[in-house]
1. Cα atoms only: what Rg and Dmax, in Å, come out for the range 52-114?
2. Could you check how much of the accessible area of the chain is carbon and sulfur, as a whole percent, using a 1.4 Å probe?
3. Of the listed pairs K114/K150; K8/K63; K63/K155; K151/K187, which have alpha-carbon separations greater than 31 Å here?
4. So how tilted is helix 94-103 from the main axis of the chain? Cα-based, degrees 0 to 90, rounded to 10.
5. Counting only Cα atoms, I'd like the Rg/Rh figure for the range 1-122, Kirkwood definition for Rh.
6. Compute the FRET efficiency between D123 and A44 as 1/(1 + (r/R0)^6), taking r as their Cβ-Cβ distance and R0 = 35 Å, and round to the nearest 0.05.
7. For the range 97-168, report the % of Cα-Cα distances exceeding 18 Å.
8. So what is the 222 nm mean residue ellipticity for the chain from helices alone, if each DSSP H run of at least 4 adds -39500 (n - 2.57) and you divide by all residues, rounding to the nearest 500 deg cm²/dmol?
Amino acid sequence: MGREIEIKLPVPDTAPTLRRLLALQAREIEQVLETNLFFDRPDASLRAGHGALRVRLFDRGGKRDSAGLLTYKTGARGGAMHNRESYDVTIDPAAECIDLLNALGYRQTLGFEKRRHSFHLDDCRVELDELPAGLGRYVEVEGPDEEAVKKVTEKLGLGAIANQKTTYLAMISETLRACPQPENMLKF
């Protein structure tokens, strides 16, 4: 279990932030194409309680990993940043975890792909994200506390950008309601 403290900043292009990360000698972690699959109970009680249950699959260099990540997030606490409990478990093979969730009565409600380029700077993880369907590009900064996140955000020259409070899940859900896709899935 851990606390997720992050800020999500909408940007027209992630290239300037990438250049700044490289100039600051941030440590590159990885570049991946993620497939995020969200599950809920038949009564939609997880979503009603502002929780989220997700299986994340990873493609690296055009090849799908057998391992994935199972995550449960609680509802967010109030404040300037996203602040909530987050539980992560590495799963391998990921397909069996999806089968287990289905056997337990959970159903996939929606999914989406996301391109992510990850770095480590100071005490924070910095993610350069791109969402499908024209939903934009974002810089996420996640750290141990709000002060660390704020410091890295300033170092990256992003301090003047307003935090996007809406989660990716909520954005994708709204897009799928307006323009339904096969299997409730947004892809590039």
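The values are calculated or read from the model by the stated rules, or taken from the named source; none is laboratory data. Keep in mind that this is a model prediction, so the values were computed, not measured. Positions of Cβ are backbone-derived with ideal geometry, glycine not excepted, and every protein chain shown enters the neighbour counts. Note: areas computed on protein heavy atoms with side chains; ligands, DNA, RNA excluded. Shrake-Rupley method; radii C 1.70, N 1.55, O 1.52, S 1.80 Å.
1. Taking only Cα atoms of the range 52-114, I get Rg and Dmax of 13.5, 39 Å.
2. 51 percent
3. Working: K114/K150 24 Å; K8/K63 28 Å; K63/K155 34 Å; K151/K187 34 Å.
Beyond 31 Å between Cα atoms: K63/K155; K151/K187.
4. For 94-103 against the chain, the angle is about 50 degrees.
5. Over the Cα atoms of the range 1-122, Rg/Rh equals 1.00.
6. 0.45
7. 53 percent
8. Value at 222 nm, helices only, nearest 500: -6500 deg cm²/dmol.
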